[in-house]
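> Structure below; questions to follow.
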Amino acid sequence: GTMNVVDTTATFDNFGSFVVDDGNVYLDTLTNIGTVTSAGYINAENLTNNNSLENNFIVETSHFVNNATMTGTGTTSITGDSENNGTITQGLVTIDNNATFDNNGLLASEVTNASGSTLNSDPDNLGGNVANDGTLNLNEAGTLSINVTGAGETNIYGDLDNQGSVYQQYINIDSGVVVTTNASNLTATDTTDGIKNEGVINYTGGTTGNVI
């Protein structure tokens, strides 16, 4: 059936099974301790998932805290400061409206990070390609296995084994950091500054057209 909750000041704590077939749910706060399975539209200003949330259509939230598992083929749209401490395997996660998203778990979805927004993550915790027009901070040492594209900025703060690719307007490598990469897979499109390297780049092959 269809469930429509239109009181945007409502708070709902789900301890059981909450199923949205094809309706619209508008809430101020949704805290999930049970299971949520949705093929409909969920808009929750504050969304906390502590167990299992399956989204197969659209979830929109300003403040999202994922402490468990989020699955499904849908899109999760985040417009405020949020964090992932569990696992997210969505079709798409979008970060917009100058939001900061701290990824402390596994983010295995495709990600779109809009201009003005920030995605903080260890490289090992990214499992889907990132279209980054904002800021991507790779905070710890690890292996990047995905592709980063867009007109944004990527800052590398830990030793990086680049098995994917980074194609950004700006790429900054912090002091003392070692980046190992094929030269063709690390490209800054800004022709004036190129790659700002305060560390070490080990090229394993390929060709770079960047000023370094």
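> Name the one entry in 122, 81, 133, 96 that is in contact with a Leu (Cβ under 8 Å, 6 or more places away or on another chain), touching a residue at least 12 places away in the same chain (Cβ under 8 Å) and either of a type in the set (Ser, Thr, Tyr) or open to solvent by 10 Å² or more (accessible area, probe 1.4 Å) (or both).
Being in contact with a Leu (Cβ under 8 Å, 6 or more places away or on another chain), touching a residue at least 12 places away in the same chain (Cβ under 8 Å) and either of a type in the set (Ser, Thr, Tyr) or open to solvent by 10 Å² or more (accessible area, probe 1.4 Å) (or both) holds for just one of 122, 81, 133, 96, which is 122.
> Something else: Of the residues 32, 50, which single one is open to solvent by less than 20 Å² (accessible area, probe 1.4 Å), at pLDDT 95 or above and more than 19 Å from residue 111 (Cβ to Cβ)?
Working: 50 fails: open to solvent by less than 20 Å² (accessible area, probe 1.4 Å).
Only one candidate qualifies: 32.
> Could I ask something else about it? Considering only the stretch 149-212, give the strands (runs of 3 or more DSSP E) lying wholly within it that have at least 1 residues that are of a type in the set (Ser, Thr, Tyr). Even if it seems obvious, please write down each step before you answer.
On the way: elements: 153-156, 160-162, 165-168, 170-173, 178-181, 186-188, 195-197, 200-203.
Of the strands (runs of 3 or more DSSP E) lying wholly inside the stretch 149-212, those with at least 1 residues that are of a type in the set (Ser, Thr, Tyr) span 153-156, 165-168, 170-173, 178-181, 186-188, 200-203.
> Another one. Where the second residue is at pLDDT 95 or above and the first is among the aromatic types (Phe, Trp, Tyr) and lies in the stretch 194-212, which pairs have Cβ atoms under 8 Å and are six or more apart or on separate chains?
From the stretch 194-212, the pairs are 203/181; 203/182; 203/183.
> Among the residues of the stretch 135-169, count how many are in contact with a Gly (Cβ under 9 Å, 6 or more places away or on another chain) and either within 15 Å of residue 119 (Cα to Cα) or charged (D, E, K, R) (or both).
First, pick out the residues of the stretch 135-169 that are in contact with a Gly (Cβ under 9 Å, 6 or more places away or on another chain): 135-136, 138-148, 150, 152-153, 156, 158-161, 167-169.
Pick out the ones that are also either within 15 Å of residue 119 (Cα to Cα) or charged (D, E, K, R) (or both) and you get 135-136, 138-140, 144, 146-148, 150, 152-153, 156, 159, 161, 168.
So the count comes out to 16.
> In the stretch 5-29, which residue that is surrounded by 11 or more Cβ atoms within 10 Å (Cβ to Cβ) and either on the phi > 0 side of the Ramachandran plot or part of a loop (DSSP other than H, G, I, E, B) (or both) is modelled with the lowest pLDDT?
Checking each candidate, the answer is 8.
> Scan the stretch 28-39 and give yes if some residue there is touching a His at 6+ places or on another chain (Cβ under 6 Å), of a type outside the set (D, E, K, R) and either in contact (Cβ under 8 Å) with a residue 12 or more places away in the chain or closer than 20 Å to residue 96 by Cα (or both), otherwise no.
So in the stretch 28-39, the residues touching a His at 6+ places or on another chain (Cβ under 6 Å) come out as none.
Taking every residue of the stretch 28-39 in turn, none turns out to be touching a His at 6+ places or on another chain (Cβ under 6 Å), of a type outside the set (D, E, K, R) and either in contact (Cβ under 8 Å) with a residue 12 or more places away in the chain or closer than 20 Å to residue 96 by Cα (or both).
> Continuing with the same structure: Can you pull out the residues in the stretch 197-212 that are over 17 Å from residue 159 (Cβ atoms) and either open to solvent by 60 Å² or more (accessible area, probe 1.4 Å) or not β-branched (Val, Ile, Thr) (or both)? Can you show your working first?
Taking the stretch 197-212 and keeping what is over 17 Å from residue 159 (Cβ atoms), we get 205-212.
Across the stretch 197-212, the qualifying residues are 205, 206, 207, 209, 210, 211, 212.
> Okay, moving on. Residue 115 fails exactly one of the following numbered conditions: (1) outside any loop (DSSP other than H, G, I, E, B); (2) open to solvent by 10 Å² or more (accessible area, probe 1.4 Å); (3) not aromatic (Phe, Trp, Tyr). What is the number of that condition?
(1)
The values are calculated or read from the model by the stated rules, or taken from the named source; none is laboratory data. Just so we're clear, the structure is a prediction, and the values are computed from it rather than from any experiment. Note that each Cβ is placed from the backbone with ideal geometry, even for glycine, and that neighbours are counted across all protein chains shown. Remember, those area values only see protein heavy atoms, side chains included, never the ligands or the DNA or RNA. Shrake-Rupley method; radii C 1.70, N 1.55, O 1.52, S 1.80 Å.
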